[in-house]
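Student: Mind looking over this structure? Questions follow.
The values are calculated or read from the model by the stated rules, or taken from the named source; none is laboratory data. Worth saying up front: this structure is predicted, and the values here are computed from it rather than measured. Backbone-built Cβ (ideal geometry, glycine too); neighbour counts: all protein chains shown. Ligands, DNA and RNA are excluded from the accessible area calculation, which covers all protein heavy atoms including side chains. Shrake-Rupley method; radii C 1.70, N 1.55, O 1.52, S 1.80 Å.
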Amino acid sequence: FLPHLVASIEEVEETYVMVKPDGVQRGLVGDIISRFEKKGFLLKGLKLFQCPKELAEEHYKELKDKSFYPKLIKYITSGPVVCMAWEGIGVVASARKLIGATNPLQADPGTIRGDLAVQTGRNVVHGSDSPDNGHREIDLWFKQDELCEWVPAQEPWLKE
Ligand code: IDP
């Protein structure tokens with residue numbers, strides 16, 4: 001990140017956001033990327049990717065004892081996903097707010113899941129739940145040379 005351009009270094013975070021296979025199949029990729037772009041976060045990595053089973057299992061390892069885990073792995077590997085790395089002040093919690101509650105029927109209107117999904121098992125998007133997991137998941141899904149450090153021309157219009 002670029003410490004000279006932000007008010008407080010500690011607040012700059014990175015998070016892993018992923019359009020799940022249902023979001024890709026339903027043509028929601030542009031809409032979802034657009035919400036993070038418009039908010040003012042910095043896109044550092046982006047790719048369409050067919051997730052292998054081993055990676056899905058590693059990503060969701062904390063859920064491996066849940067009854068829905070086998071179905072979850074099947075879902076995430078059922079077609080291409082869109083992987084994104086986003087950077088910004090408070091981006092981890094903010095991305096979770098933009099995404100909405102895990103169960104789309106409980107997600108507020110205006111959120112991605114609230115606007116675009118009806119079931120927990122097809123909730124179109126993932127976002128890291130902590131700064132530590134943001135780092136862990138970006139490392140897991142991206143190679144170093146797939147990530148860009150750059151300064152958008154609009155930076156001074158977003159951050160004082
Ligand atoms: P999150 O994605 O909102 O952080 P988690 O509890 O970490 O929610 O669960 C990860 C993913 O596992 C969910 O986004 C959803 O795709 C799936 N999942 C969670 N709970 C259920 C369930 O009860 N049935 C089916 N799938 C579930």
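Student: How big, on average over all directions, is the shadow cast by the Cα convex hull of the range 88-138, in nm²? Show your work: numbers first, answer last.
Tutor: Values: hull surface 14.1 nm².
Result: 3.5 nm².
Student: HN-Hα J couplings of the range 114-123 from phi, Karplus 6.51/-1.76/1.60, θ = phi - 60°, integer Hz, Gly and Pro as x?
Tutor: x, 8, 10, 9, 10, 9, 4, x, 9, 9
Student: Among 46-57, 70-81, 113-124, how do they line up from the highest to the lowest mean number of other beta-carbon atoms within 10 Å?
Tutor: Details: 46-57: 14.1, 70-81: 16.7, 113-124: 18.3.
Most protected by this proxy first, the peptides run 113-124, 70-81, 46-57.
Student: Could you work out the Kirkwood radius for the range 24-68, taking every pair of different alpha carbons, averaging 1/r and inverting it, reported in Å? Show your work: numbers first, answer last.
Tutor: Values: mean 1/r = 0.0754 Å⁻¹.
Kirkwood radius, the range 24-68: 13.3 Å.
Student: With 18 Å as the limit, write out which pairs from LYS38/LYS159; LYS20/LYS47; LYS39/LYS97; LYS71/LYS143; LYS53/LYS97 have Cα-Cα distances beyond it, or answer none. Don't jump to the answer; show the numbers that get you there.
Tutor: Details: LYS38/LYS159 14 Å; LYS20/LYS47 12 Å; LYS39/LYS97 12 Å; LYS71/LYS143 27 Å; LYS53/LYS97 28 Å.
Cα-Cα > 18 Å for LYS71/LYS143; LYS53/LYS97; rest within.
Student: By per-residue mean of other Cβ atoms within 10 Å, what is the highest-first order of 125-132, 24-31?
Tutor: Values: 125-132: 18.8, 24-31: 15.1.
Ranked by mean Cβ neighbours within 10 Å, highest first: 125-132, 24-31.
Student: Okay, moving on. How many Å² of accessible area per residue for the range 1-127, probe 1.4 Å? Don't skip to the answer; put the middle values down first.
Tutor: Working: 6520 Å² over 127 residues.
Heavy-atom accessible area per residue stands at 51 Å².
Student: Shifting gears a bit: Report Rg/Rh for the chain, rounded to two decimals, where Rg is the Cα radius of gyration and Rh the Kirkwood radius. Working shown, then result.
Tutor: On the way: Rg = 15.5 Å, Rh = 16.1 Å.
Ratio of gyration radius to Kirkwood radius: 0.96.
Student: Same structure again: Mind ranking LYS44, LYS39, LYS61 by accessible surface for me, highest first, 1.4 Å probe? Intermediate values should be presented prior to the final figure.
Tutor: Numbers: LYS44 20, LYS39 110, LYS61 85 Å².
Largest accessible area first, the residues go LYS39, LYS61, LYS44.
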